[in-house]
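Visitor: The structure that follows is given in the form of structure tokens.
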């Protein structure tokens, strides 16, 4: 069935409004879009790592989650969901439940690229029938914008401040999507919010309904950490895609496939200049930083194109 | 009729697990508990149980999977030791706070460093405040019997429970054991029927809330109540178990305490050694006795104080240190129990002993009683924080 935004939006939201996430934050948009990809008749158990998302959506005695939901800790959404999914198998086998459930875990980049990495790796390697979604906002936003291994090169964070001696984060962003591909899971995809949300919606549906473990990496900007005006969220993600800073692609059974190739690949400045975290890169004398990032983006893009042509 | 067998403590635990056939096991190997998931995965792979076994990548994930599975409505188990137990420490607190009656078998072992694989109680003592019920076995038989009682206790008060035994000493040594028939085990343990769970039909549930200062302390108060309520449940379940097997258990065991002037308070397999020391001293006409703590959590404060109220002096034996500069963990709790119950006459000393598997012999305990005898005679305790048989 062809994707239709209007029809998709007619589906009931499975994350209720009234939660405490910031305006202009990508995370609840990712969650609502992904949950909308569930077939309405299917039930789900959702897990969230400790994060902005968790503390803002499930503050006792209120919950924004209409499906069953479990939060355990910062570093173990992968293992926690492994347990839930295994319980489902056990209880189903013993005839104690008859509904169809899907299992979706959410973690920020801190809870996914860093502290929850081992737990995620274990869950993916064991092949639990679940989707792990990283909502990647490229720093520890819940604790106040500290660098993670997902933070991009030169970004100004509270633990990599753009100083007079050290100009922001010295390391490049870790390529977690490729690491997940290396786990040999049947479905891995990288996506974000563009246009009518077709890309993320279709990838979420595939991830949920591919038997076995699946991983979605969703760029989900943070207006406080990235320092863009809330209303420019969709503009930021669009520029990330058009500059090839965040290419859209999927890997099905190990086969890389580009989801989108920009007609005119924009220079990285177009993306960087929208965000306060990169402001120091535009100061006179720092042109080399932008040049370096451009080279890195070009190299990664070429490499990805090669993988997709195999 | 019971089944007569010869099993190691680990094997006995694994056999109890097999008889119970729980829904989910998540486990990671660590000496000396490794054999438990090994035996159990053999049962799984040979179709002797239909439990789902998750061979996780760490103890942290073992407990995390158990939390997920138990919250989803499945009876979940694990086994661990030592560093594995404290690696899952954060999750132990979550399991208790989420009120998930997970059952964890612990073959107790020293903590690093120096790295050491032998028995002491440093691992369980370091997580004693995590909110878990903790029963400790002296023998393989007790380890097995405690395991059969565990789920009844934990599920009744909605708290997770640890079934502890001494690593290697009972976990690996083979002893005669009397097993309960499997159909009797199943009838005794019963099915797990939680009221609320993630996969319950037509009733979604949210687990693991963020609680602000307006709610947090009430959640903790309820946990405290459940732990207090567990005391009676442990006794009731033990009474039913005694009816089935003839083997009786309490929160503590009193051994020759009737008219004792001197006593030791001890946990685990060393209680067996200490009982022999008591027998030998009794044969010499000395009025000595022993208290073995079976239930570390809930802590049987009143029972211990009552049992000690008529002694002249006693030693609390700690197979772990608190490194607080004045006493071990059980030393502190027994002292608090005595004071809270207004039993302040007996003189108390505290020994740290057997760390990292240092052998505890009958003579070791006799030395403790000799010291107690001196204290009774002089009325002076001297140093109350002592290390037993250590090269200084």
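A short reminder: the numbers here are calculations on the coordinates, not readings from a lab. All values reported here derive from a predicted model rather than from experimental measurement. Cβ sites come from the backbone with ideal geometry, for glycine too, and all protein chains shown count toward neighbours.
Visitor: Cα gyration tensor of region B:33-119, axes a ≥ b ≥ c as square roots of the eigenvalues: rounded (a/c below 1.5), prolate (a/b > b/c) or oblate?
Guide: It comes out oblate by the Cα gyration axes.
Visitor: Turning to a different aspect of this structure: Arranged by the count of other C-beta atoms within 10 angstrom, fewest first, what order do A:278, A:106, B:53 take?
Guide: Sorted ascending by nearby Cβ count, the order is B:53, A:278, A:106.
Visitor: Once region B:205-282 is represented by equal point scatterers at the alpha-carbon sites, with solvent omitted, what log10 I(q)/I(0) does the Debye formula produce at q = 0.12, 0.17, 0.27 Å⁻¹?
Guide: Taking Cα atoms of region B:205-282 as identical point scatterers yields -0.63, -0.87, -1.19.
Visitor: State the antiparallel share, in %, of DSSP beta bridges confined to region B:252-387, rounding to the nearest 5.
Guide: Antiparallel bridges make up about 20 percent of those DSSP assigns within region B:252-387.
Visitor: When a/c reaches 1.5 or more, the comparison of a/b and b/c decides; with that in mind, is region A:160-242 rounded, prolate or oblate per its Cα gyration tensor?
Guide: oblate
Visitor: What are the extents of the Cα atoms of region B:127-234 along their three principal axes, listed from largest to smallest and rounded to whole Å?
Guide: 53, 33, 25
Visitor: Let me ask something else. Among A:58-64, B:220-226, B:170-176, what's the highest-first ranking by average C-beta atoms within 10 angstrom per residue?
Guide: The packing order, highest mean first, is B:170-176, A:58-64, B:220-226.
Visitor: Using a 10 Å cut-off on Cβ to Cβ distances, tally the other chain neighbours for every residue of A:62-69 and report the average as a whole number.
Guide: 5
Visitor: Follow-up. Nearest-5 percent of antiparallel DSSP beta bridges in the protein assembly as shown?
Guide: That works out to approximately 25 percent antiparallel.
Visitor: Take the alpha carbon gyration tensor of region B:252-387, find the square roots of its eigenvalues, order them as a ≥ b ≥ c, and report rounded if a/c is under 1.5; if not, report prolate when a/b exceeds b/c, else oblate.
Guide: rounded
Visitor: Could you state the angle between the C-alpha long axis of helix B:59-72 and the longest principal axis of the C-alpha atoms of chain B, as a value from 0 to 90 degrees rounded to the nearest 10?
Guide: That helix lies at roughly 60 degrees to the long axis.
Visitor: If you don't mind, another one. Residue by residue through A:90-98, how many Cβ atoms from other chains fall within 10 Å of the Cβ on average?
Guide: Counting Cβ atoms of other protein chains within 10 Å of each residue's Cβ and averaging gives 5.
Visitor: Region B:1-42: D in µm²/s via Stokes-Einstein (Kirkwood Rh, Cα pairs, 25 °C, 0.890 mPa s)?
Guide: D, rounded to a whole number, is 222 µm²/s.
Visitor: As a test of understanding, state the convex hull volume per residue of region B:130-179 from its alpha carbons, in Å³.
Guide: 64
Visitor: What's the angle, to the nearest 10 degrees (0 to 90), between helix A:117-126's Cα axis and the longest principal axis of chain A?
Guide: 50
Visitor: Regarding region A:1-151, what is the average projected area of its C-alpha convex hull, in nm²?
Guide: 10.2
Visitor: At 222 nm, what helix-only mean residue ellipticity would chain A give, in deg cm²/dmol to the nearest 500, using -39500 (n - 2.57) for each DSSP H run of four or more?
Guide: Mean residue ellipticity, 222 nm, calculated: -10000 deg cm²/dmol.
Visitor: Per residue and in cubic angstrom, what volume does the convex hull of the Cα atoms of region B:81-176 have?
Guide: 74
Visitor: Tell me, what does the Kirkwood hydrodynamic radius of the protein assembly as shown come to in angstroms if you use every pair of distinct C-alpha atoms?
Guide: One decimal place: 27.7 Å for the Kirkwood radius.
Visitor: Please report A:177, A:151, B:34, B:344 as a ranked list, fewest other C-beta atoms within 10 angstrom at the top and most at the bottom.
Guide: Ordered from fewest to most neighbouring Cβ atoms within 10 Å, A:177, A:151, B:34, B:344 come out as B:344, B:34, A:177, A:151.
Visitor: Name the most mobile residue of A:136, A:199, A:13, meaning the one with the largest mean-square fluctuation, in a Gaussian network model of chain A with Cα contacts below 10 Å.
Guide: A:13
Visitor: From Cα pairs below 8 angstrom and at least 6 apart in sequence, can you work out the relative contact order of chain A, rounded to a whole percent?
Guide: Here the relative contact order equals 16 percent.
Visitor: Please tell me the relative contact order of region B:1-71 in percent, rounded to the nearest whole number, where contacts are Cα pairs under 8 Å and at least six residues apart.
Guide: Relative CO of region B:1-71 lands at 36 percent.
Visitor: Of all DSSP beta bridges in region A:172-296, what percent run antiparallel (nearest 5)?
Guide: So the antiparallel bridges in region A:172-296 amount to around 60 percent.
Visitor: If you don't mind, there's one more thing I want to ask. Report, to the nearest 10°, how far helix B:329-340 tilts away from the longest principal axis of the Cα atoms in chain B, using its own Cα long axis and a range of 0 to 90°.
Guide: 70
Visitor: Hey, another quick one. How big is the Rg/Rh ratio for region A:77-219, C-alpha atoms only, Rh by Kirkwood, two decimals?
Guide: Reported Rg/Rh (Cα atoms, Kirkwood Rh): 1.06.
Visitor: Nearest 500 deg cm²/dmol is fine: what mean residue ellipticity at 222 nm does chain B get from its DSSP H runs of n ≥ 4 alone, each adding -39,500 (n - 2.57), divided by its residue count?
Guide: Taken over chain B, the calculation gives -13000 deg cm²/dmol.
Visitor: With contacts defined as alpha carbon pairs under 8 Å and 6 or more residues apart, what's the relative contact order of region A:62-133 in percent?
Guide: Averaging sequence separation for qualifying contacts and normalising by length gives 44 percent for region A:62-133.
Visitor: So which residue, out of A:170, A:35, A:216, gets the largest mean-square fluctuation from a GNM of chain A using Cα contacts under 10 Å as springs?
Guide: Its mean-square fluctuation being the largest, the pick is A:170.
Visitor: Okay, next question. Using only atoms on other chains, find how many Cβ atoms lie within 10 Å of each Cβ of peptide B:212-222 and report the average.
Guide: If you average over the peptide's residues, the count of other-chain Cβ atoms is 1.
Visitor: Kirkwood Rh over alpha-carbon pairs of chain A, then Stokes-Einstein at 4 °C and 1.567 mPa s: what D in µm² s⁻¹, rounded to an integer?
Guide: In µm²/s, the coefficient is 66.
Visitor: Using a Gaussian network model on chain B with a 10 Å cutoff between Cα atoms, which of B:21, B:350, B:119 fluctuates the most?
Guide: B:21
Visitor: What's the Kirkwood radius of region B:3-245 in Å, using all Cα pairs?
Guide: Over region B:3-245, the inverse of the mean reciprocal pair distance is 17.9 Å.
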